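Some notes on the structure that comes next.
Throughout, read-outs are computed from the coordinates displayed, never taken from laboratory work. Just so it is clear, the structure is predicted and the values come from calculations on it, not from any experiment. FYI the Cβ positions are ideal-geometry reconstructions off the backbone, even for glycines, and counts take in every protein chain you see.
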Amino acid sequence: MTSARRLYQLPGLLPFLVPALLTGGGVALPLLYLALRALEADPETLRDILLRPKNLELVKNTLSLLLGVLLFTTLIALPLAFLTTRTDLKGKRLFSILLTLPLAIPGYVGAYVILSATGPGGILPLPRLEGYWGALLVLSLITYPYLFLGLRAAFLGLDPSLEEAARTLGVGPLRAFFQVVFPQLFPALLSGYLVVGLHVLGDFGTVSLLRYETFSYAIYLQYSAAFDRVYAAWLALFLLLFTGGLLLLEGTFLRRLSLARTGKGSGKKARSVRLGGFTPWAYLLLLLPVLLALVLPLYALFHLASRFPREHLTGLWEALSHSAMAAIPASFLAVGMALPIAYLAVRYPSPASRFLERLGYLGYTIPPLAFALAWIFFSLKSLPFLYGTLPLLILVLAFHFLAEGLGPVRGALYQVPRRLEEAARTLGDTPARAFFRVTFPLLWRGAVAGGALAFIGAVKELPITLLLAPMGYATLATRVFSYTQEAMFAEAAPFALLIVLLSAAFVGVLLWSERRF
Amino acid sequence: MQLRRFITLIGLAALGLAFAQQQTLTLYSGRGQSLVEPLVKQFQAETGIRVQVRYGTDAQILAALQEEGSRSPADVFWANTTGALGQAASKGLLRPLGDTLLRQPVAFVPASKAWVPVTLRLRVLAYNPQKLKPEELPASILDLPRFAQERGLVGRVGWTPTYSSFQDMVAGMIALYGEGRTREWLSAMKALNPKGYASNPAMLDAIRAGEIDLGSTNHYYVVRFRRAGYNLGLHSFKDGDAGNLALVTGAGILKTSKNLVAANRFLTYLLSPKGQQYFAGTVGEYPLVKGVVADAHLLPLEEALAKSPKLDFEKLPLDQALRLLRELGIL
């Protein structure tokens, strides 16, 4: 019965299915490539690779960093989200903006700043932070905004009558929070955890600078130091097991949760909690991440940039426009790819549509270098005229950063009532027409948010840009790379600063699209 | 009439395109843009040959070349390490070079003739001169662990096991002293609880900041720190010691190249007095042709050449070194 119905729906769904499948294929190609390279290993090498004791250490390190960052970001984001939505503090809007801006700081910049600011001669009175604690701090400080944004939205959308009902039944304020409010924050926590987790698993800039060996660092080493594509492919496949596990966990939890909100329409505004004597402490708590994750990196970059030799200034504009010309179309394309995938997963949930959606996320933790090599290999085989052109770079960046767009688009789709679309369908619209006439106008904010996140990812991306950009196409990120490679930090700083400023502009777009500020 | 003019235009454009293609050289560079760009500009101005450059690390470029296969648009591969060039040669990516070119450098020409050495760098020991005296430093890198133990430097030694030049040095040690002694040395180094850094500037910055006291590195990094006004010590071991291993940069022409003439001219330019002077002056590397005036921070070329052990750099047992490093859990 259901399968017959599905078959009947098929022609109408083609406008979603075709792009969704093409996108899935684009993300799956690098997987195929990794498998191809991994299989080149001869049995003896393979045994060595699989049974290395070092693998256990990598598993342990990766897991403890992942769990540590999830815990730490919760400890940062949860109180901050509460303080900026449910209290009588002044300047909540301003703080919400400032607390989101660390999204614009690339991990390698954060790591560099922590290294130069701590230890002897540093401006922070701390022992030199590196290894586990350094990586934990930097990754938490640059990823907590994902969680913060989700939790803020959840707090704002919460129906206070539930909590009040609990209080009238004689439950204390703390217990009411943990028993009634906290479970309602769970969907926001979960989707935040997924994004933060993907960032932690995929990051190598931070961990390599801070000397903490995770899988992504080991992969980076094998590609860069040892000229070894086979071992690197195996490590990448191990890493994808982690990502796959994370995606499976999130999917299982998410399905068990009831997402329906009760009484949303008639819900009244939550009362602000009066902080009284705690107010100074609350401000301190709000200021600390702003200082560490925003002011400190900007100060360090400006300080370095002040020693920038003037004659290099001309390259800045060129790099800026190159970055924008690659990252802006890529972010549009990423959202365009995310829309049909999210639509199918939300409106027509089935193992197949869910798989396609998870695949989109998986693409994000395929190491970017493997992603780039796969596309060199496949594009030269099948689309040689595209090789070394800007469109190919844009396409591959979009495939890689599709995951950044998926979350917000999916979230927005959940909030669009299905009934509206169905009404349009009963009036004779095809699914595609109904989508564009009814649903899309309601979810474009989610699309803008997803696009902004994809842009922030694409503008600081390195290996894909290096290998797939047209010849001599220098972007901000490739300039930062080539100067830091020669230890010319003052020369690199203005380019890094522009990455931060450009990303900050898109964080502004993101905040505007959420319109809760 | 209109049509004829149109066809003529198309024909001219096609001719122009063909001409441009012939005169465009595609360079894949594992060396940094900030270092390559000025030289490429000079070359373009003097020869009129347009040069397109793809930048990356040696490993990224090598991987890209292998994935591109016979369709690669690259003419020249200019690398930071002999390891990458040796790999490219053994994978059959490079075309043998002519003798006029290979006769120019005073040393390090590979037996395969697949690439030509361009400049020389040396491994050295960088140290904190406020803490250590030059005369007390060991004469061989093999004695470094014992020296550090005696001076109580446990936890205060840095190294860069993931960096290609360090791995080259370990391969050099295997070639000179055998795998057994190299293994002992690595274990003794590990017993010092050394701090591993992802890059040399990071390690030298840690010496400057007083976090560690010494570490084996490449000479030009120390030169750059000194030029920037930081007081870092530079120590060379006795002549012929693996701790002074020469690190040769070089370039080769790819088999896929369709612009052999331009590619040859580019390699010739790298070895010309002008090109070599650029490396010796601005970059702080040792030139490999005679008659170039070296920077004040550098040794005379003869002395520099005497420092390094004489090895066939293409035959450095790099795979063996990597296996050893992995086996000991260092990589």
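Classify region A:107-241 as rounded, prolate or oblate, taking a ≥ b ≥ c as the square roots of the eigenvalues of its Cα gyration tensor: rounded when a/c is under 1.5, otherwise prolate if a/b is larger than b/c and oblate if not. Let's see the in-between values first.
On the way: a/c = 3.77, a/b = 1.85, b/c = 2.04.
Since a/c reaches 1.5 but b/c is at least a/b, the shape of region A:107-241 is classed as oblate.
For a footprinting-style exposure proxy, rank A:V507, B:V76, A:V273 by other Cβ within 10 Å, fewest first.
Working: A:V507 22, B:V76 25, A:V273 15.
Going from sparsest to densest Cβ surroundings: A:V273, A:V507, B:V76.
At R0 = 56 Å, how high is the FRET efficiency between B:Q42 and A:R437 if r is their beta carbon distance? Nearest 0.05 is fine.
On the way: r = 61 Å, r/R0 = 1.08.
After rounding to 0.05, the efficiency reads 0.40.
In the protein assembly as shown, what % of DSSP beta bridges are antiparallel (nearest 5)?
Values: 23 of 37 bridges.
In the protein assembly as shown, DSSP labels about 60 percent of beta bridges as antiparallel.
Kindly put A:K54, B:K133 in sequence by how many other C-beta atoms sit within 10 Å of each C-beta, fewest to most. Walk me through the numbers on the way to the answer.
Values: A:K54 15, B:K133 9.
Sorted ascending by nearby Cβ count, the order is B:K133, A:K54.
At 7 Å along Cα-to-Cβ for each site, give me the label-to-label distance between A:Y132 and A:F355 in nm.
3.9
Based on alpha-carbon positions alone, could you give the equivalent ellipsoid semi-axes of chain B from the gyration tensor, as √(5λ), descending, whole Å?
Values: eigenvalues 346, 84, 64 Å².
One finds semi-axes of 42, 21, 18 Å for chain B.
If contacts are Cα pairs under 8 angstrom and at least 6 residues apart, what is the relative contact order of chain A in percent? Before the final figure, lay out each step's value.
Working: 660 pairs, mean separation 110.6, N = 517.
So the answer I get is 21 percent.
For region A:66-171, what does the relative contact order come out to in percent, with C-alpha contacts under 8 Å and a separation of six or more? Could you put the intermediate results ahead of the total?
Working: 88 pairs, mean separation 41.6, N = 106.
For region A:66-171, the relative contact order is 39 percent.
Once you've got the Cα coordinates, tell me which of A:K54/B:K315; A:K460/B:K41; A:K60/B:K310; B:K238/B:K315; B:K190/B:K307 are over 31 Å apart.
On the way: A:K54/B:K315 28 Å; A:K460/B:K41 27 Å; A:K60/B:K310 43 Å; B:K238/B:K315 23 Å; B:K190/B:K307 26 Å.
Over 31 Å apart, Cα to Cα: A:K60/B:K310.
Long-range amide H contacts for B:T81: which residues qualify at under 5 Å (H placed 1.01 Å from N, peptide plane, sequence gap of 5 or more or a different chain)?
Answer set, sorted by chain and number: B:G250.
Using amide H atoms built in the peptide plane, which far-off residues or other-chain residues are under 5 Å from B:G196 H to H?
B:W159
If r is the Cβ-Cβ distance from A:W281 to B:K258 and R0 is 60 Å, what FRET efficiency results, to the nearest 0.05? Kindly include the intermediate steps, with their values, before the conclusion.
Working: r = 70 Å, r/R0 = 1.16.
So, using R0 = 60 Å, E works out to roughly 0.30.
Taking θ as phi - 60°, what are the ³J(HN,Hα) couplings along region B:249-258 by the Karplus curve (6.51, -1.76, 1.60), each to the nearest whole Hz, with x for Gly and Pro?
With the stated coefficients, region B:249-258 comes to 9, x, 9, x, 9, 7, 4, 7, 4, 10 Hz.
Say each of A:T389 and B:S140 gets a label point 7 Å from the Cα, pointing the same way as Cα to Cβ; how far apart are those two points in nm?
6.1
Shape verdict for region A:301-379, please, from the Cα gyration tensor: rounded (a/c under 1.5), prolate (a/b greater than b/c) or oblate.
Numbers: a/c = 2.98, a/b = 2.44, b/c = 1.22.
The shape class here is prolate.
Using a 7 Å offset from the Cα along the Cα-to-Cβ direction at both A:T252 and A:V273, what is the distance between the two label points in nm, to one decimal?
3.2
How many Å³ per residue does the convex hull of the Cα positions in the protein assembly as shown occupy? Spell out each step's value before the answer.
Working: hull volume 168.3 nm³, N = 848.
Hull volume over Cα atoms, normalised by residue count, gives 198 Å³.
Explain nothing, just compute: Karplus ³J(HN,Hα) = 6.51 cos²θ - 1.76 cosθ + 1.60, θ = phi - 60°, for every residue of region B:234-243 in order, whole Hz, x for Gly and Pro.
Working through the residues one at a time gives 10, 10, 9, 6, 5, 3, x, 7, 5, x Hz.
If you average over every viewing direction, what projected area does the convex hull of the Cα atoms of region A:306-451 give, in nm²? It would help to have the intermediate numbers written out before the result.
On the way: hull surface 49.5 nm².
If you wrap the Cα atoms of region A:306-451 in a convex hull and average its projections, you get 12.4 nm².
Provide A:E163, B:E136, B:E179 in ascending order of the number of other Cβ atoms located within 10 Å of each residue's Cβ, fewest first. Please list the in-between numbers first.
Working: A:E163 20, B:E136 9, B:E179 15.
Going from sparsest to densest Cβ surroundings: B:E136, B:E179, A:E163.
R0 = 60 Å: FRET efficiency of A:L169 with A:E44, Cβ-based, nearest 0.05?
0.35
Taking the Cα centroid of region A:363-377 and of region B:99-162, what is the distance between the two, rounded to the nearest whole Å?
The two parts, judged by their Cα centres, are 35 Å apart.
Build a GNM of chain B with springs between Cα atoms under 10 Å: which of B:R54, B:R183, B:R151 gets the top mean-square fluctuation?
Of B:R54, B:R183, B:R151, the Gaussian network model singles out B:R151 as fluctuating most.
Please find, in a Gaussian network model of chain B (springs between Cα atoms separated by less than 10 Å), the residue of B:L153, B:L204, B:L245 whose mean-square fluctuation is greatest.
Ranking B:L153, B:L204, B:L245 by mean-square fluctuation puts B:L153 first.
Determine the dipole magnitude for chain A: charges of +1 sit on the beta-carbon of Lys and Arg, -1 on that of Asp and Glu, nothing else is charged, the reference point is the Cα centre, and the result goes in debye to the nearest 20.
1980
Could you pull out every whole DSSP H run in chain B that spans at least 18 Å of Cα extent along its own axis and averages -0.5 or higher on the Kyte-Doolittle scale? List each step's numbers first, then the result.
Working: long enough: B:2-22 (30 Å, 0.94); B:33-47 (21 Å, -0.26); B:164-191 (22 Å, -0.05).
For chain B, where a helix must reach 18 Å along its axis and average at least -0.5, the hits are B:2-22, B:33-47, B:164-191.
What net charge is computed for the residues neighbouring B:I207, neighbours being all others with C-beta under 11 Å from the C-beta of B:I207, Lys and Arg scored +1, Asp and Glu -1? Could you put the intermediate results ahead of the total?
Working: positive: B:K131, B:R156, B:K195, B:R208; negative: B:D205, B:E211, B:D213.
Net local charge, B:I207 excluded: +1.
Could you check how many percent of all C-alpha pairs in region B:121-163 are farther apart than 17 Å?
Percent of Cα pairs beyond 17 Å in region B:121-163: 32.
Counting only complete DSSP H runs, which helices of chain A cover 18 Å or more along their long axis at the Cα atoms and score a mean Kyte-Doolittle of -0.5 or above?
Membrane-span-like by this criterion, though nothing is claimed about a membrane: A:2-38, A:53-86, A:131-157, A:182-202, A:229-256, A:314-347, A:351-365, A:368-382, A:390-415, A:440-459, A:489-514.
Amide H to amide H, which residues 5 or more places from B:Q52 or on other chains are under 5 Å from it, using H placed in the peptide plane?
B:L25, B:T26, B:L27
Relative contact order for chain B: what is it in percent, counting Cα pairs under 8 Å that are at least 6 residues apart?
Numbers: 569 pairs, mean separation 85.0, N = 331.
Taking the mean separation of contacting Cα pairs over the length of chain B, I get 26 percent.
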